[in-house]
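J.: Structure in structure tokens, see below.
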Amino acid sequence: MIRECTAQDFDAIFTIINDAAQAYRGVIPADCRHEPYLSREHLRHEMDAGAAYRKPWTSYTRVPDTPSAE
């Protein structure tokens, strides 16, 4: 099951996007790459504008008031 990320996931989203950009150093064209790849301000703007991020649902990322999958 996939769930939509919330503002509580902000730091994780920021880290994942920028870690992935590091992993793809040399693949992402130099003129498209900068540090950080996605700034906190830009991510906040994108989320406020309605960009949706999703992640797998597990017992460790359970949405409150949702029965456990165990």
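Please treat every number below as a calculation from the coordinates, not as lab data. Source: prediction; values computed, not measured. Cβ placement follows ideal geometry from the backbone for every residue including glycine, while neighbour counts extend to all protein chains displayed.
J.: Along Cα→Cβ, 7 Å out, is where each label goes; now give me the distance between the ones at Q22 and R40 in nm to one decimal.
T.: Result: 1.7 nm between the two label points.
J.: With a/c under 1.5 counting as rounded, go ahead and sort region 14-53 into rounded, prolate or oblate using the C-alpha gyration tensor (a ≥ b ≥ c being the square roots of the eigenvalues; past the cut-off, prolate if a/b is larger than b/c, else oblate).
T.: prolate
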